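**Student:** My questions all concern the structure below.
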Amino acid sequence: MLGKKITDIKNHIKKVYLTYERPFVVGFSGGKDSTAALQLIWEVIRDIPESKRLNNIHVICTDTLVETPYLKFFLDETLAKIKNAAISENLPITVHKLTPLPEKRFWTNLIGKGYPAPSQMFRWCTERLKIDPVNRFIQEQVSEYNEATIVLGARKDESASRQQVLNKKKRDALGLSKHPILPEVYVFTPIENLTTDEVWQYLATNNYQCLWGGSNRDLMAIYKNASGGECPMVIDTSTPSCGNSRFGCWVCTLVISDTSMENLIDSGEDWMIPLLEFREFLCETQKPDQKGHFRRLKRRSGKVYLIRDKSRYSHGPYKFEWRKEFLRRLLKIQKKIQADKPEILFSAISMEELELIRQTWRNEEHDWEDSVPAIYKEMTGDDYPFKDDDCVSFTSEDKKLLYKLCENKMHASLIAKLIDLERNLQGMTRRAGIMNKIDKIFSEDWRTEEELNNEINQAKQVSENDY
């Protein structure tokens, strides 16, 4: 029965590949489903005469840069094998490791801008870390070939929600559906009707031999040491969270507990304990009774907003002091893992992200102390490699003087923001729009949190008296 299914799938892949003159973009996460899909494509392309292998096949893997390091190491090795085997067999297969743009990375937004840890209500990470890199790559292919086919290892047997999504798709004559965002892109899911058992049976053929080298037993070992579902290639927001999967982000706060990382630790990977503890700490910051402790009321826009029932204000980004604490803890974890597990080549945060965080703090938080280099030196023992090329720099002493001269802290923040605006515009021959920028600063809500909370309490008392 499985043999017939596999033959039908391979014939289907061959027909799609030869019918359309457009490249294949194969989403590869390293899990069992994407491995099975790529292996089937490999078998098909290998049997097609070279003269007919006209469509390029791009294997893409999205690295969010916060992937579980144990699995990232495994995935990097797998991608290297795929690349080398494709060259050796002269197959039109190339490997691409995609990453989010620096300004859209996890730490740039959470530590730099103060975005709260992702939640089901504010799942800001998925689009920035996963969808955007894939869509950028696909659009590059479309601009060259006008159209593209993206191949996914999605299966109906994975979950009820996945089955519902696949069943709703409108298909063309060969069973391909239109991409939900990109009109020139078609989605092909060749293994959608295979069950989980059938996927494993297929991967176990030929004594578990993987077509690009190595053994699928290594993949089985990872599944044995973890739990949860596979984290698929994400192309739109309808894809469910993969926070409890073995192929996902170690910082994921979209689920209550990360059973996969817990099981990896239980199976002997105890060097990952600091990662789990940091992830649990981020989850704590999202508890309703803790939000006021970690997050400020003022949004990044400078406004404050009431909840619908007007009983409290909604919370904005993380407070600046907590963002500095996050960075300290993260750099401490990085140093420890690099010392305890050097072969993993672990990097918690890149220098590129640190520089963006530094600039955000300087511009948005009037961080005249220039905290990033100081924290970096404190936690790593090394000098920060980048110098400040700003022509006008203020210091912590300048900030102390400003706060001493101002009536209260909020007024000091207003003056500091105006000074920072002037500093950023210094040297410009045309300062177009400066009055609008100044007006925008003055239009922000400059009430203190104490004043805001007092207003809420007074409103509650009035409401109770009316009742």
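The values are calculated or read from the model by the stated rules, or taken from the named source; none is laboratory data. Bear in mind that the values here come from a model prediction, so they are computed numbers and not experimental data. Don't worry about glycine lacking a Cβ; one is built from the backbone with ideal geometry, like all the others, and counts go over all protein chains shown.
**Student:** For region 291-330, name all the residues that are in contact with a Ser or Thr (Cβ under 6 Å, 6 or more places away or on another chain) and of a type in the set (A, V, I, L, M, F, W, C).
**Tutor:** Selection gives 294, 307.
**Student:** Okay, next question. Of (1) outside any helix (DSSP H, G or I); (2) of a type outside the set (S, T, N, Q); (3) touching a residue at least 12 places away in the same chain (Cβ under 8 Å), residue 387 satisfies all except one. Which?
**Tutor:** For residue 387, the exception is condition (3).
**Student:** Here's a follow-up. From the residues in region 431-445 that are of a type in the set (A, V, I, L, M) and in a helix (DSSP H, G or I), which one is farthest from the chain's Cα centre (by Cα)?
**Tutor:** Applying the filter and picking the extreme gives 435.
**Student:** Consider residue 88 carefully, then state whether it is over 27 Å from the mean Cα position of the chain (by Cα) and of a type in the set (Gly, Ala, Ser).
**Tutor:** So residue 88 fits the description; yes.
**Student:** Among the listed residues 268, 292, identify the single one that is surrounded by fewer than 17 Cβ atoms within 10 Å (Cβ to Cβ) and under 30 Å from residue 444 (Cβ atoms).
**Tutor:** 292
**Student:** Let me ask something else about it. With the structure loaded, tell me whether residue 363 is closer than 30 Å to residue 283 by Cα, at pLDDT below 90 and polar (S, T, N, Q) or whether it fails that test.
**Tutor:** Yes.
**Student:** Among 85, 80, 36, which is the only one that is at negative phi, buried (at least 19 other Cβ atoms within 10 Å of the Cβ) and in a helix (DSSP H, G or I)?
**Tutor:** 36 is the lone residue from the list that is at negative phi, buried (at least 19 other Cβ atoms within 10 Å of the Cβ) and in a helix (DSSP H, G or I).
**Student:** Being of a type in the set (A, V, I, L, M, F, W, C), surrounded by fewer than 19 Cβ atoms within 10 Å (Cβ to Cβ) and assigned to a helix (DSSP H, G or I) narrows it down to one of 73, 122, so name that one.
**Tutor:** Being of a type in the set (A, V, I, L, M, F, W, C), surrounded by fewer than 19 Cβ atoms within 10 Å (Cβ to Cβ) and assigned to a helix (DSSP H, G or I) holds for just one of 73, 122, which is 73.
**Student:** Using the structure shown, decide if residue 359 is among the polar types (S, T, N, Q) and either out of contact with any Phe, Trp or Tyr (no Cβ under 8 Å at 6 or more places or on another chain) or part of a loop (DSSP other than H, G, I, E, B) (or both).
**Tutor:** Answer is yes for this residue.
**Student:** Which numbered condition in (1) surrounded by 15 or more Cβ atoms within 10 Å (Cβ to Cβ); (2) farther than 17 Å from residue 113 by Cβ; (3) modelled with pLDDT under 95 is the only one that residue 334 fails?
**Tutor:** Only one criterion is unmet by residue 334, namely (3).
**Student:** Tell me yes or no: at least one residue of region 184-193 is modelled with pLDDT of 90 or more, over 28 Å from the mean Cα position of the chain (by Cα) and not small (Gly, Ala, Ser).
**Tutor:** Yes, some residue in region 184-193 is modelled with pLDDT of 90 or more, over 28 Å from the mean Cα position of the chain (by Cα) and not small (Gly, Ala, Ser).
**Student:** Sticking with this one: Does residue 108 satisfy the criteria of being within 22 Å of residue 189 (Cα to Cα), surrounded by 23 or more Cβ atoms within 10 Å (Cβ to Cβ) and not charged (D, E, K, R)?
**Tutor:** Here the answer is no, as residue 108 does not meet what is asked.
**Student:** Wholly within region 214-297, which helices (runs of 4 or more DSSP H) include no fewer than the required count, namely at least 2 residues that are modelled with pLDDT of 85 or more and of a type outside the set (Asp, Glu)?
**Tutor:** 216-224, 273-284, 291-294
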